[in-house]
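Engineer: Below you will find the structure I want to go over with you.
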Amino acid sequence: KAGVTQTPRYLIKTRGQQVTLSCSPISGHRSVSWYQQTPGQGLQFLFEYFSETQRNKGNFPGRFSGRQFSNSRSEMNVSTLELGDSALYLCASSLVGEQYFGPGTRLTVT
Amino acid sequence: AQSVTQLDSHVSVSEGTPVLLRCNYSSSYSPSLFWYVQHPNKGLQLLLKYTSAATLVKGINGFEAEFKKSETSFHLTKPSAHMSDAAEYFCVVSVPLTGTASKLTFGTGTRLQVTL
């Protein structure tokens, strides 16, 4: 089975812009979670989607949003980018129990 | 609330010697615990998981971990380190949410250095 894929792998944006990241889960997995990884804050939970519905959300501002499509692919959007949004954004899919991670999208905000 | 504490931010071992990465957990009930590994510029790979079955859990690449309820610990070990084991290791607890959902709460990570 193919693993979790994320596109793009690297992205450079300027402050104030918006960005959309994409995640394709493992075939058959209906749950997709997003995490932000930074040197200062470590790995933090953003939100989780299941069957096109956001089931749970972490403690991030409303500039961070997402959605899930009927084929379970998910997108994450960050509006009005700030320098502090520079991070590795990881997506994970799961069926039941353990989560399987993609390689991440490295976002740099200048 | 469920949380994990990784006791060492950095561990250095010589190739061929044992590896011990320490993790303590806090949970109000029997937790689901995981160890993930992250190589530079890569995503996270699941090494092993504990879900209240056997207390000694074997994972990939020769790693294993033992769940000790009395000590609230879930330490990761490997008998003989290899250069390719150099990476960041995360101890993780699964926090149940609504329905069948869960989120992962990560420790701060332990960077393993393997020297010749």
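Read the figures in this text as sums done on the coordinates, not as results from a lab. Model, not experiment: these values are computed from the prediction. In this analysis, Cβ positions are derived from the backbone assuming ideal geometry, glycine residues included, and neighbour counts consider all displayed protein chains.
Engineer: Pick from A:Tyr89, A:Tyr100, A:Tyr49: which is most flexible by mean-square fluctuation in a GNM of chain A where alpha carbon atoms under 10 Å apart are linked?
Structural biologist: Of the options given, A:Tyr100 has the highest mean-square fluctuation.
Engineer: Assuming a viscosity of 1.306 mPa s and a temperature of 10 °C, what translational diffusion coefficient in µm² per second does Stokes-Einstein assign to chain A, Rh being the Kirkwood radius over Cα pairs?
Structural biologist: Values: Rh = 13.8 Å.
Taking Rh from Cα pairs, D becomes 115 µm²/s.
Engineer: Further, regarding this structure: Testing the spin-label approximation: label points 7 Å from Cα along Cα→Cβ at B:Thr108 and B:Glu66. State their distance in nm.
Structural biologist: Simple spin-label model gives 2.6 nm for this pair.
Engineer: Something else: From the residues B:His82, B:Gly109, B:Val95, which one has its Cα farthest along the dipole of the stretch B:58-116 in the positive direction, the dipole being from +1 and -1 charges on Cβ of Lys/Arg and Asp/Glu about the Cα centre?
Structural biologist: It is B:Val95.
Engineer: Could you list, bin by bin from short to long, the percent of Cα-Cα pairs of the stretch B:75-116 in 10 Å steps?
Structural biologist: Reading upward from the zero bin: 25, 37, 24, 13, 2.
Engineer: Here is a further query. Quote the charge dipole size of the stretch B:1-110 about the Cα centre in Debye, to the nearest 20; the model charges only the Cβ of Lys and Arg (+1) and of Asp and Glu (-1). Don't skip to the answer; put the middle values down first.
Structural biologist: Working: 8 positive and 7 negative charges, 60 e Å.
The calculation lands at about 280 debye.
Engineer: Something else now. Testing the spin-label approximation: label points 7 Å from Cα along Cα→Cβ at B:Thr51 and B:Ser84. State their distance in nm.
Structural biologist: It works out to 2.7 nm between the two label points.
Engineer: Could you size up the charge dipole of the protein assembly as shown around its Cα centre, putting +1 on the beta carbon of Lys and Arg and -1 on that of Asp and Glu, and report it in debye to the nearest 20? Numbers along the way, then the final one.
Structural biologist: On the way: 20 positive and 13 negative charges, 93 e Å.
So the dipole magnitude of the protein assembly as shown works out to roughly 440 debye.
Engineer: In nm, give the distance between the simple-model label positions of A:Thr20 and B:Leu116, each being 7 Å from the Cα along the Cα-to-Cβ direction.
Structural biologist: 5.0 nm
Engineer: As an exercise, use a Förster radius of 25 Å and the Cβ-Cβ distance of B:Thr5 and B:Ala101 to find the FRET efficiency, rounded to the nearest 0.05. Walk me through the numbers before you get to the answer.
Structural biologist: Working: r = 24 Å, r/R0 = 0.97.
After rounding, the FRET efficiency stands at 0.55.
Engineer: Which of the lysines could be linked to B:Lys49 by a straight reach, that is with a Cα gap under 25 Å, when you skip same-chain ones fewer than 8 residues away?
Structural biologist: A:Lys1, A:Lys57, B:Lys58, B:Lys68, B:Lys69, B:Lys78, B:Lys103
Engineer: For each of B:Ser80, A:Ser94, A:Ser33, count neighbouring Cβ atoms within 10 Å of the residue's Cβ, then give the residues from fewest to most.
Structural biologist: On the way: B:Ser80 12, A:Ser94 23, A:Ser33 28.
Placing the least packed residue first, the sequence is B:Ser80, A:Ser94, A:Ser33.
Engineer: Further question: Please state the relative contact order of chain A as a whole percent: Cα pairs under 8 Å, 6+ residues apart?
Structural biologist: Details: 281 pairs, mean separation 40.2, N = 110.
After rounding, I find 37 percent.
Engineer: Across peptide B:33-45, what mean number of C-beta atoms from other chains lies inside 10 Å of a residue's C-beta?
Structural biologist: Details: counts 0, 3, 0, 5, 0, 6, 0, 0, 6, 4, 13, 11, 3.
For this peptide, the per-residue mean of nearby foreign Cβ atoms is 4.
Engineer: Considering the Cα trace of chain B, what is its radius of gyration and what is Dmax, both in angstroms?
Structural biologist: According to the Cα coordinates of chain B, Rg and Dmax are 13.8, 49 Å.
Engineer: May I ask you to order A:70-77, A:55-62, B:19-26 by the average number of other C-beta atoms within 10 Å around their residues, highest value first?
Structural biologist: Values: A:70-77: 16.8, A:55-62: 13.8, B:19-26: 18.4.
Descending packing order for the listed peptides: B:19-26, A:70-77, A:55-62.
Engineer: Right, another one. Would you mind listing how long the stretch A:54-110 runs along its three principal axes, going by Cα atoms, in whole Å with the largest first?
Structural biologist: Here the spans come out as 37, 22, 21 Å, largest first.
Engineer: Here is a follow-up. Per residue, what volume in Å³ does the convex hull of the Cα atoms of the protein assembly as shown enclose? Let's see the in-between values first.
Structural biologist: Values: hull volume 28.4 nm³, N = 226.
So the per-residue Cα hull volume is 126 Å³.
Engineer: Just to confirm my numbers, what's the Cα centroid distance between the stretch A:1-65 and the stretch B:1-73 in Å?
Structural biologist: 24 Å
Engineer: Here is a follow-up. Which whole-number percentage describes the relative contact order of chain B, with Cα contacts under 8 Å and a sequence gap of 6 or more? Display every interim value, and only then the final one.
Structural biologist: Details: 297 pairs, mean separation 41.7, N = 116.
Relative contact order, chain B: 36 percent.
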